[in-house]
Amino acid sequence: MSFDVLQEKIIARKNPTVAGLDARIEYVPEHIRQESFFAHGESRRGAAEAVWQFNKGLIDALCDIVPAVKPQAAYYENLGWEGMALLEHTIQYARKKGMYVIADIKRGDIGTTAAAYSEGWLGKTKIGGTSCAAFDADCVTINGYMGFDAVRPFLETCKAEDKALFALVKTSNPSSGDLQDRTLDGRTVYETMGALVEQWGAGTEGKYGYTRCGAVVGATYPEELEKLRAQLPHTFFLVPGYGAQGGTAQDVRRAFHEKGHGAIVNSSRGIMCAWQKTGKNGLDFQEAARAAAIAMRDDIGAYVAFEE
């Protein structure tokens, strides 16, 4: 099962982190940008080629120590079709390098539209008598606040293609409490959503006891994170908010079960833009990203042990 694969990669590397690939053109080192702009101009194609070289370099530097990457679709969509081709190539390259790919798409529609999203990102699209994969990620993020109608098509594709999903439950942003902390029938909205996620995934548990339906739970709310971990024993967590948003290793340890199972922690700019703090103009972007990823691994590892 898909989350079994992710858990095994985490155990093998003793590293429960996912590197976000949220590559805006300004995050790309100057020498890569200028080379691409010289060849293709300051255009969408020029930007996409620069980000591709950056992403490929990051993946090469990280693939043996970080189990997963998480490209955020918005940073590719804003470059038009060239950006979407870049995203497809990035996903394919990361998977070729043995990394688990979480496509951060946060789709939340229903019916045939949700089915089309799930086919495009996780499954296959029928074209005449042929079925063709499009992005072919291992996992996606979705917004389940439209209810099971928005989740069912993704779960069906997950079962058919051995993939997985993370549904938004308690997000890391400051205003998440505007809705998620409100009380509904004696419990918060985020607890209600968490219970639904646990319910939606029931019956799809894998080797480690987790279902195909995971939850996004932010590190910036450690008490809520701990509460949800206790309430959702069969749900794998994707934990944003570590580092730049204020979440610490002491906070994220609450996301894990014993043996370090059941969660993966995201860092995007902290790894991707680590070169900006070294004073070497990005010529060392691979070394800087690798050092930042190792530091994050060791920081979390001081609080969480990872065993089979």
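The values are calculated or read from the model by the stated rules, or taken from the named source; none is laboratory data. Just so it is clear, the model here is predicted, and its values are computed rather than measured. Reconstructed Cβ throughout: ideal geometry from the backbone, glycine too, with neighbour counts over all protein chains shown. Ligands, DNA and RNA are excluded from the accessible area calculation, which covers all protein heavy atoms including side chains. Shrake-Rupley method; radii C 1.70, N 1.55, O 1.52, S 1.80 Å.
Rounded to the nearest 500, what is the chain's calculated 222 nm mean residue ellipticity when only DSSP H runs of at least 4 contribute -39500 (n - 2.57) each, over all residues? Write down the numbers at each step before the final one.
Values: 13 runs with 140 residues, N = 308.
Roughly -13500 deg cm²/dmol at 222 nm, from the helical runs in the chain.
Based on the Cβ-Cβ distance from ARG187 to LYS159, what FRET efficiency comes out when R0 is 30 Å, to the nearest 0.05?
Working: r = 29 Å, r/R0 = 0.96.
Calculated value: 0.55.
First compute the accessible area of the range 252-308 with a 1.4 Å probe, then give the percent of it belonging to carbon and sulfur atoms. Intermediate values should be presented prior to the final figure.
Values: 1260 of 2810 Å².
Using a 1.4 Å probe with all protein chains present, the range 252-308 comes out at 45 percent carbon and sulfur.
Pulled fully out, how much extra length does the chain show between SER175 and GLN250, if you take 0.36 nm times their separation in residues and subtract their Cα-Cα distance? Write down the numbers at each step before the final one.
Details: separation 75, 0.36 × 75 = 27.00 nm, distance 2.26 nm.
Here the segment from SER175 to GLN250 would lengthen by 24.7 nm.
In Å, what is the Rg of the alpha-carbon atoms in the range 37-91, and how long is Dmax?
11.8, 35
May I ask you to give the percent of accessible area on the range 65-116 that is carbon plus sulfur, with a probe radius of 1.4 Å?
On the way: 1080 of 1970 Å².
For the range 65-116, the apolar C and S fraction of the accessible surface comes to 55 percent.
Taking θ as phi - 60°, what are the ³J(HN,Hα) couplings along the range 211-223 by the Karplus curve (6.51, -1.76, 1.60), each to the nearest whole Hz, with x for Gly and Pro?
8, 6, 9, x, 9, 8, 9, x, 6, 6, 10, x, 5
Suppose we take every Cα in the range 223-308 and form the convex hull; what volume per residue is that in Å³? List each step's numbers first, then the result.
Numbers: hull volume 7.8 nm³, N = 86.
Output value, Cα hull per residue: 91 Å³.
So what is the accessible area of the range 195-305 per residue, in Å², with the probe set to 1.4 Å?
Working: 4720 Å² over 111 residues.
Using a 1.4 Å probe on heavy atoms only, each residue of the range 195-305 averages 42 Å².
Taking the Cβ of LEU225 as the centre, find all other residues whose Cβ is under 9 Å away and add up their charges (Lys, Arg: +1; Asp, Glu: -1). Present the calculation step by step, with values, prior to reporting the outcome.
Values: positive: LYS170, LYS227, ARG229, ARG254; negative: GLU223, GLU224, GLU226, ASP251.
Result for the local shell: 0.
Show the residues, 5+ positions off or on another chain, whose built amide H is closer than 5 Å to the amide H of THR204.
The answer is ARG212.
For CYS63, tell me the accessible area in Å² from a 1.4 Å probe, rounded to the nearest 10.
Only protein atoms counted, so the area is about 20 Å².
Normalised by the empirical 2.2 N^0.38 Å for globular proteins, what value does the Cα Rg of the chain take? Intermediate results must be reported in sequence, preceding the final value.
Details: Rg = 18.9 Å, N = 308, 2.2 N^0.38 = 19.4 Å.
Working it through for the chain, the quotient is 0.97.
Taking the Cα centroid of the range 79-144 and of the range 162-215, what is the distance between the two, rounded to the nearest whole Å?
Between the Cα centres of the range 79-144 and the range 162-215 lies a distance of 22 Å.
Calculate the tail of P(r) for the range 1-90: the fraction of all Cα-Cα distances greater than 23 Å, expressed in %.
Details: 1204 of 4005 pairs.
Beyond 23 Å sits 30 percent of the P(r) for the range 1-90.
Report, to the nearest whole %, how much of the accessible area of the range 1-63 belongs to carbon and sulfur atoms, 1.4 Å probe, protein only.
Details: 1220 of 2500 Å².
Of the solvent-accessible surface of the range 1-63, carbon and sulfur hold 49 percent.
Tabulate in residue order the Karplus-calculated ³J(HN,Hα) for the range 291-305, using 6.51 cos²θ - 1.76 cosθ + 1.60 with θ = phi - 60°, rounded to whole Hz; enter x for Gly and Pro.
5, 5, 5, 5, 4, 5, 4, 5, 4, 5, x, 5, 10, 10, 9
Short version: ³J(HN,Hα) in whole Hz for each residue of the range 231-245, in order, from phi by Karplus 6.51 cos²θ - 1.76 cosθ + 1.60 (θ = phi - 60°), x for Gly and Pro, what are they?
7, 10, x, 10, 10, 7, 9, 9, 10, x, x, 6, x, 4, 7
For the range 62-169, give the share of DSSP beta bridges that are antiparallel, in percent and rounded to the nearest 5; count only bridges with both residues there. Could you put the intermediate results ahead of the total?
Working: 4 of 14 bridges.
Around 30 percent antiparallel, to the nearest 5.
What whole-number value in Å² describes the accessible area per residue of the range 1-126 for a 1.4 Å probe?
Per-residue accessible area for the range 1-126 comes out at 40 Å².
For GLY144, what residues show an amide H to amide H distance below 5 Å, using hydrogens built from the backbone and excluding near sequence neighbours?
When sequence neighbours closer than 5 places are left aside, the close amide H contacts are LEU168.
Restricting to the chain, what percent of DSSP beta bridges are antiparallel, rounded to 5? Write down the numbers at each step before the final one.
Values: 6 of 34 bridges.
For the chain, the DSSP antiparallel bridge percentage is about 20.
Compute the signed sum of charges (Lys and Arg +1, Asp and Glu -1) over the other residues within less than 11 Å, Cβ to Cβ, of GLN245. Can you show the working numbers first?
Working: positive: ARG269; negative: ASP251.
Net charge in that neighbourhood comes out at 0.
Hey, what's the per residue convex hull volume over the C-alpha atoms of the range 67-138, in cubic angstrom?
On the way: hull volume 6.9 nm³, N = 72.
Per-residue hull volume (Cα only) is 95 Å³.
So how exposed is GLU258, as accessible area in Å² (1.4 Å probe, rounded to 10)?
Looks like 150 Å² after rounding.
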